[in-house]
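Worksheet: the structure to be examined is printed underneath.
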Amino acid sequence: MPCFSDPGFSAHPGAPGRSGSRRGLDPSRLLVVEHTLANGLNVRLLPEPGLPTITYYTFFKVGSRNERPGITGISHLFEHMMFNGSARFGPKEFDRLLEARGGTSNAYTSSDVTAYYEDFDRDALELVVDLESDRMRALTIDDECLKREREVVKEERRYRVDNDLGGMMDELLDATAFVAHSYHWPVVGWMGDLDAITKAQCIEYFRAYYAPNNAVMVLVGDLEPEPTLRLIEEHYHSIPAGPPLPGVVQAEPEQHGERYVKIRHAAQAPALALAYKAVEARHADAAALDLVQTVLSIGEGARLSRVLVRKKEVATSALAYFDWRIDPSTFKVSLELPPEGDPARALQALDEEVVKLQTGPLPAAELERAKNLLRGQTLRALATHNGKAHALGEHEVLHGSWRALFQTLERYEQVTADDVRAAARRYLVPERRSVVELVPVGEAVSER
Amino acid sequence: MNTPEALPFHVAPMTLPPLTETALPNGLSVVTVERHDLPLVTVRLVIGTGSARDPLGKDGLAAFTADLLRRGTARRSADQIDDAIESVGGLLGVDAGLEATGLTATVPSDHAAGALEVIADLAQRASFPEPEVELARRRTLALLAQLLDEPSSVADRALVDIFYGKDHAYGHPGDGRASTVETFRREDAAAFRDATYRPAGALLLFAGDIRPEEAVQLARNAFGEWEGEPLASSSPAAAARPRGLDVLLVDKADATQAQVRLAVPGIARKDVRFYAAVLANAVVGGGFTSRLVDEVRVNRGLSYSVGTRLVALRELGAVTLATFTKSETAREILDVSLGVLDAFRAEGPTAQELDKARRYVIGLYPERVESNEQLAEALSSARFLGLPFDVVARYRDELARATLPEVVEMARLFPGSDGAKVVVVGRAGEIAAQLEGLGAVTVRKVDDFR
């Protein structure tokens, strides 16, 4: 399903009453203003009542899928370097000037996109347009900055992967599931590549991918479209379009058998991470897979929670994820086991639930629950300026248009129980899956 | 306390939705914050009990009891409870803190009554079915074991231990310890609920698409028979600032990165100097242009994350620093951080730094209370910290009023090389030698925090 940028929340989705009005939650009433500059920059503006603030997103269609061995992690490293100064603003000035106007900034890199955003008081719009356009036009890339950010990213890698069991498993899982496609390597990059990336490579990367024709800007909040568009034109029009973008080779062969790998590491308990080869966000089966995920794993009443965690006690937590991506993605399941847990039993229990979903009944009430949860989650993300901007931009990048946001909700409505079962039968099969088992070893293992 | 000066910039008034409060005869307070732009309602019940009331030898009981509320009541099975909320697309959340336990659900407006009934049922009639209690105990023990694999969680548990000490009401982790959770039985949870769940002092908040009259009526129907005398409120003691650095090194042999924590006593939330302290915190360790981020991350690339936090509780507080770095630079990150903190304590921020920090914190605030859930959380938090609800609306004005001398004074609140509790979680083989000369160092094992 889509990635929700909602850092302040724990999961409390709400859904409109089925019979009640959809007042305020109906995406078809989002009056988005579209404009494309001559240099290819796509702009989407949405004036919204609520806080007197604006959220400003810039999505670059570049992520780890665009990399190659030797420079893996460069997109994410680059994301870090975007804050270190540009032609008219010295190092650290970006954040200083923004924070001085009561704004915040952040960014993230995924396998598909690099997204930058600011949340700020409406009065700071001109400043932000200035800051953002300057770094798109003329980012400073120097040795000092590369040296420092390299070390910061290596610390991030150590934190998220090398010293995190889940992160370690997930990295090996992607590398096992994808043998040829660029989803094989981690977004943060291999440690060896992080050490090897050169300044020249960063400059080349910037020129290739950080061009206006590779970007979508989404602004939501207390803004007026006409003056905002004029401001954007004024600041961005002189940035030249970049070269045509290299495509990503779709070389991943069909998988014809289960892959099972182990990590032996100090750990308190075993764990399993699985990935089934699935489809891309635009695929006709994507909506059904979102429902498979919800039926299996969202809420305490979900099947994996009820059966694996509570009834059979083969896992302490059981979560399923289907990440929307540009290229064919994976349907993942993550099982944490108790210290004395048996991975074979846990896997067997999972397989039994999958078979039940594939061939057994899916009661109307359960399907309705799943649709309500999905709808609630999707719509709840639209309750803030930031959430709206992110949802619009994400659909623009993954589906080609922000309008696809409405279609997402319609598609969920139309999915039948048969569709859900069919999707489970088609994709959740052992021949399409990779499994990583964490085998606890060493002194962390408690006496039994 | 001080006359409002002419502000160098305009602080737009924060418009919050209208708030109505009604007290029921049993002492339960019903608050409605009306907002009709979305057909959603957040219902949040907060009861004045938490891990501070864990009985002796029963660390973790408050959290354990809270998690069990939804696993069955006199009227509903766990499945029925889940279904009542989730079938309409809502999720029920339970949070158990030091002094307050919350139950929250966000549902479509037409389902507000149903959600409230479920929450009322959980609060008053939880039945703690034996099989559920047994399962919860086994699962909690497993989760406590898994926590030991997370260096950051171990650091936080060790810090609670070293900062408050075992005899303090706050001196144990909220989720408990293996040795205490092992003893939990049905009777423990039921007794804790009977002893500490009271309407007096509890707060029921509705935020969103509902009218106060309806909310109050629903509350009367659902909670009218809830009884109980108010609980005595505790006054946990505040510690003195340590003299010298008191260092706890927790050996995690497989770690390639060290988690680092510093802590000193701080101030309570109601302290008039709170807002000055918030600003001091923003200058030294909040936000991306703080002194610590500048020196530790931007200038030296020592960490991905470094920051200070003001923990301002009802009767006392703490000021903490958290960061991490590869094992080889554990001492360096401590030295650099303490250097920054010492300089800050000595002179406080410059006027320019204060101005920038003020704008930043004021600018950030509205987004922290943008949604119904956030608003409900902010208001209930205010109540349980002993503050009036209008602290939310007045937050930015108070920040605008704090003067430079007040913020300079609060700079001295922060940890420094003169005295602090220090925790480092990492490979002792590589780190112990580095820490020589830093202060009194004790080495323990990860397993000690099970």
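Bear in mind that the values in this text are calculations on the coordinates, not laboratory data. Small disclaimer: the values here were computed from a predicted structure and weren't measured. When we count neighbours, we look across all protein chains shown, and the Cβ atoms used for this are built from the backbone with ideal geometry, even at glycine.
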Between the helical axis of A:225-236 and the dominant principal axis of chain A, each derived from Cα atoms, what acute angle in degrees is found, rounded to the nearest 10? 80 degrees
With a cut-off of 18 Å, note down the residues of segment A:192-231 whose backbone N falls inside the zone around a label point 7 Å from the Cα of A:HIS237 toward its beta carbon. A:212-213, A:225-231
Quantify how much of the Cα-Cα distance distribution of segment A:94-148 extends past 14 Å, in percent. 61 percent
For the protein assembly as shown, place one equal point scatterer on every Cα, skip the solvent, and apply the Debye formula. What is log10 of I(q)/I(0) at q = 0.04, 0.06 Å⁻¹? -0.17, -0.40
Longest principal axis of chain A (C-alpha) makes with the long axis of helix A:165-177 (C-alpha) an angle, in degrees to the nearest 10, of 90 degrees
Kirkwood-based Rg over Rh for segment A:234-302 (C-alpha set), two decimals? 1.17
What is the spin-label model distance, in nm, from B:LEU56 to B:LYS166 if the labels are put 7 Å beyond Cα along the C-beta direction? 1.3 nm
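Taking 18 Å as the cut-off for C-alpha to C-alpha distance, list the pairs among A:LYS154/B:LYS252; A:LYS147/B:LYS356; A:LYS154/B:LYS326; A:LYS388/B:LYS356 that go past it. Display every interim value, and only then the final one.
Working: A:LYS154/B:LYS252 20 Å; A:LYS147/B:LYS356 28 Å; A:LYS154/B:LYS326 9 Å; A:LYS388/B:LYS356 29 Å.
Table pairs above 18 Å Cα-Cα are A:LYS154/B:LYS252; A:LYS147/B:LYS356; A:LYS388/B:LYS356.
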Could you calculate the FRET efficiency of B:GLU134 with A:HIS256 from 1/(1 + (r/R0)^6), where r is the beta carbon distance between them and R0 is 41 Å, rounded to 0.05? 0.40
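Could you line up A:GLU254, B:GLU377 from fewest to most neighbouring Cβ atoms inside 10 Å? Before the final figure, lay out each step's value.
Values: A:GLU254 7, B:GLU377 24.
Ordered from fewest to most neighbouring Cβ atoms within 10 Å, A:GLU254, B:GLU377 come out as A:GLU254, B:GLU377.
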Toward the positive end of the charge dipole of the protein assembly as shown, about the Cα centre and with charges on Cβ (Lys, Arg +1; Asp, Glu -1), which of A:ALA275, A:ASN106, A:PRO225 goes farthest? A:ALA275
What span do the alpha-carbon atoms of segment B:19-223 cover on each of the three principal axes, reported in whole Å from largest to smallest? 47, 34, 32
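Under a point-charge model restricted to the Cβ atoms of Lys and Arg (+1) and Asp and Glu (-1), what is the dipole moment magnitude of chain B relative to its Cα centre, in debye to the nearest 20? Mind dumping the intermediate values first?
On the way: 50 positive and 63 negative charges, 162 e Å.
Around 780 debye, computed over chain B.
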With label points built 7 Å along Cα→Cβ from the Cα atoms of B:GLU409 and B:THR442, find their separation and express it in nm. 3.5 nm
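Counting pairwise Cα distances across segment A:183-252, what percent come out greater than 19 angstrom?
Numbers: 1421 of 2415 pairs.
Everything past 19 Å amounts to 59 percent.
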Using every pair of alpha-carbon atoms in segment A:23-125, split the distances into 5 Å bins beginning at 0 and state the percent of pairs per bin, rounded to integers. 2, 10, 15, 17, 20, 18, 10, 5, 2, 0, 0
Give me the orientation-averaged projected area of the Cα convex hull of segment B:244-449, in nm², one decimal. 12.1 nm²
In degrees, nearest 10, range 0 to 90: what is the angle between the Cα axis of helix A:143-157 and the longest Cα principal axis of chain A? 20 degrees
Computed E for A:LYS199/A:ALA364 - FRET, C-beta separation, R0 56 angstrom, nearest 0.05: 0.40
Along the charge dipole of chain B, Cβ charges K/R +1 and D/E -1, which of B:VAL298, B:ALA120, B:LEU387 sits furthest on the positive end? B:VAL298
With springs connecting C-alpha atoms under 10 Å apart, model chain B as a Gaussian network and identify which of B:SER51, B:SER87, B:SER153 has the largest mean-square fluctuation. B:SER87
For B:LEU205, what residues show an amide H to amide H distance below 5 Å, using hydrogens built from the backbone and excluding near sequence neighbours? B:VAL31, B:ARG44, B:LEU45, B:VAL46
For segment A:27-236 (alpha-carbon point model, no solvent) the Debye-based log₁₀ I(q)/I(0) at q = 0.09, 0.11, 0.13, 0.14 Å⁻¹ works out to -0.38, -0.57, -0.77, -0.88
Placing +1 on the Cβ of each Lys and Arg and -1 on the Cβ of each Asp and Glu in chain A, which of A:MET169, A:ASN372, A:MET81 has its Cα farthest towards the positive end of the resulting dipole? A:ASN372
How big is the charge dipole of segment B:19-223 about its Cα centre, in debye rounded to the nearest 20, if each Lys and Arg gets +1 on its Cβ and each Asp and Glu gets -1 on its Cβ? 500 debye
What relative contact order, as a whole-number percentage, does segment B:244-449 give when Cα pairs under 8 Å and 6 or more residues apart are counted? 44 percent
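For chain B, how big is the tail of P(r) above 35 Å, as a whole percent of Cα pairs? Walk me through the intermediate numbers first.
Working: 37475 of 101025 pairs.
It works out to 37 percent of all Cα pairs.
With +1 on each Lys and Arg Cβ and -1 on each Asp and Glu Cβ, how big is the dipole of the protein assembly as shown about its Cα centre, in debye rounded to the nearest 20?
Numbers: 102 positive and 129 negative charges, 148 e Å.
Result for the protein assembly as shown is approximately 700 debye, rounded to the nearest 20.
Two-decimal Rg/Rh of segment B:346-439 from alpha-carbon positions, Kirkwood Rh? List each step's numbers first, then the result.
Values: Rg = 19.2 Å, Rh = 16.9 Å.
Ratio value, two decimals: 1.13.
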So what does log10 I(q)/I(0) come out to for chain A at q = 0.07, 0.10, 0.14 Å⁻¹, using the Debye formula with one equal point on every Cα and no solvent? -0.38, -0.78, -1.40
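Working from the pairwise distances between different alpha carbons, so that the mean of 1/r is found and then inverted, what is segment A:259-444's Kirkwood radius in Å?
That comes to 17.4 Å for segment A:259-444.
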Based on alpha-carbon centroids, what's the gap between segment B:248-265 and segment A:324-340 in Å, whole number please? 30 Å
